[in-house]
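I have placed the structure first, in the form of C-alpha cells, so that the comments after it can refer back to it.
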Amino acid sequence: MSVVEIDEQGNEISNSEKKFTVETGDIIYDAIDNQGCQLPHGCLAGSCGSCRILIIEGSDNVAGKSVIEGNTISNIVKDYQDQNPNHFTVGKEVRLSCRARLNGNGDVKIAALKK
Ligand code: FES
C-alpha cells in the first residue's frame with residue numbers, strides 16, 4: 001500500500017508519497033505505525049475522525065465499515081459538504097485509518113485528509 005498527503009484543496013503534496021506493507025487483516029493505522037510512521041490520529045477508537053483518509057485506489061481491498069466508523073464518516077462528509085457543497089471529497093471514499101482493515105492482497109493507495 002502507499003500513502004500520499006493531500007492538502008485542503010485535494011492536491012497531492014509532492015514528495016510525500018511513502019509505501020508500506022500492510023498484511024491482510026491488519027488495520028491500516030496500526031500497520032503503518034508499526035513501521036515508524038504515524039498518520040494523523042486522536043482517539044484510535046473510531047469516534048473522533050482525526051484519522052480520516054481517502055481511499056484513492058484499491059477500495060475492494062479494504063473491509064467494510066463498522067457501524068461506529070460509518071457514523072463518524074457520515075458526520076465528517078456532512079461537515080465538508082455543509083462548508084462547501086463541491087468539496088473535493090464528494091463521491092470519494094472516506095475511511096478512518098484506525099478502523100479500516102485490509103481484506104485482500106492487492107495494493108491500496110490512501111491519502112491522509114487534513115481536517
Ligand atoms: S483516531 Fe479517532 S476515529 Fe480514528
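The values are calculated or read from the model by the stated rules, or taken from the named source; none is laboratory data. Given the structure is predicted, the values throughout are model-derived calculations rather than measurements. Reconstructed Cβ throughout: ideal geometry from the backbone, glycine too, with neighbour counts over all protein chains shown.
Structural remarks
Residue by residue, here is whether (1) charged (D, E, K, R); (2) at pLDDT below 90; (3) in a strand (DSSP E or B); (4) over 16 Å from residue 115 (Cβ atoms) holds:
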position: 16; (1), (2), (3), (4): no, yes, no, yes
position: 32; (1), (2), (3), (4): no, no, no, yes
position: 49; (1), (2), (3), (4): no, no, no, no
position: 79; (1), (2), (3), (4): yes, no, no, no
position: 98; (1), (2), (3), (4): no, no, no, no
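- Single residue of the range 47-98 satisfying the filter (farther than 22 Å from residue 12 by Cα and either in contact with a Cys (Cβ under 6 Å, 6 or more places away or on another chain) or among the hydrophobic types (A, V, I, L, M, F, W, C) (or both)) that is farthest from the ligand (Cβ to nearest atom): 63
- Every residue from the range 1-38 that is surrounded by fewer than 19 Cβ atoms within 10 Å (Cβ to Cβ) and in contact with a helix residue (DSSP H, G or I) (Cβ under 9 Å, 6 or more places away or on another chain): 18, 20, 21, 23, 24, 38
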